[in-house]
Amino acid sequence: MKAVIVCVSVSHGNTLRVADAMAQPLGARVVSPEEADPGELAAAYLVGFGSGVFYGRLHPRLTAFVSALPTGPRTGGKGAHAFVFASSGLPETPVMPFTRPLVRLLEGKGFDVAGTFSCRALDTWAPFKVVGGLNKRRPDADDLSAARAFAERLRDARQVRR
Ligand SMILES: Cc1cc2nc3c(=O)[nH]c(=O)nc-3n(C[C@H](O)[C@H](O)[C@H](O)COP(=O)(O)O)c2cc1C
C-alpha cells in the first residue's frame, strides 16, 4: 500500500518543497488536487494534505478537494490515516492552528489524522513585499529536515497501518 501527498503550492512553491521532503521517507507521490486519483487515494495507507496559508486559512482548492471526498470507511473498513501540513509567513498559534479546520473536515470524512506539521516560509503578501518578503530563504535546510523527520515518525509509528 502506498502513501500519497496532495499539495497546493501557488505562491512560491514553498509547500511543495516541504511536501517533497516528506515524500522521500514515505515513498509517496506528490500530486495537486486536480491530479489526484480517487482510486489511489482510497487505497493509500497514509494521505498528506498541505498548502500555504492565505488570509488565515489553508488554500481553498485543498479544502474544496477534501470537502468533495466521499465519507465513510476506507481501506478494509478502518479509518485511513492522514496528516495535514502548512507553510506560512506567520507562526501557527496553539489556540487557533491553521491546520485545525482541515483536520476536523478529514475526521468527518472518516480519516484518522495522525499528525500536523507547519513551518515558516517566504511570505510576500503585500505588507511584507516592500521589505522583500518575510522569512527570506525559508523553508531552509532545517525546515526540510524537520519535515522529513515528521514523515519518518509517521512512517515508523506502529498505529499507522501499512
Ligand atoms: C495573498 C497572501 C495572503 C497570505 N496570508 C497569510 C496569512 O494569513 N497568514 C500567514 O501566516 N501567511 C500568509 N501568507 C504567506 C503564505 O502562507 C506563505 O508565503 C506560504 O509559504 C505560501 O505557500 P506556497 O508558496 O506553497 O503557495 C499569505 C501570502 C499571500 C501571497
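All of the numbers you see were taken from the coordinates with simple rules; none came from a lab. The model shown is predicted, which means the values in this text are computed figures rather than measured ones. Neighbour counts are summed over all protein chains in view; Cβ atoms, including those assigned to glycine, are modelled from backbone coordinates with ideal geometry.
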Potential extension, Ala149-Lys136 segment - 0.36 nm per residue separation minus Cα distance: 2.4 nm
Residues whose placed amide H lies under 5 Å from that of Val113, excluding near-sequence neighbours: Ala82
Cβ-derived FRET efficiency at R0 30 Å, Ala157 paired with Ala68, nearest 0.05: 0.60
Calculated FRET efficiency for the pair Arg57/Ser32, C-beta based, R₀ 22 Å, to 0.05: 0.75
Karplus-derived 3J(HN,Hα), 6.51/-1.76/1.60, for each residue of the stretch 104-115, Hz, glycine and proline x: 4, 4, 5, 4, x, 8, x, 7, 9, 7, 8, x
Sequence-distant residues sharing a close amide H with Arg29 (under 5 Å, placed H): Ala3, Ile5
Cross-link partners of Lys136 among aspartates and glutamates (Cα-Cα below 12 Å; sequence separation of 8 or more within a chain): Asp123
Residues with amide H under 5 Å from that of Phe49, placed H, sequence gap 5 or more: Val6, Phe83, Val84, Phe85
Charge dipole (the chain, unit charges on Cβ, about Cα centre) - positive-most of Ala42, Ser32, Ala121: Ala42
Cα-centred dipole magnitude for the stretch 16-162, charges only on beta-carbon of K, R (+1) and D, E (-1), debye, nearest 20: 200
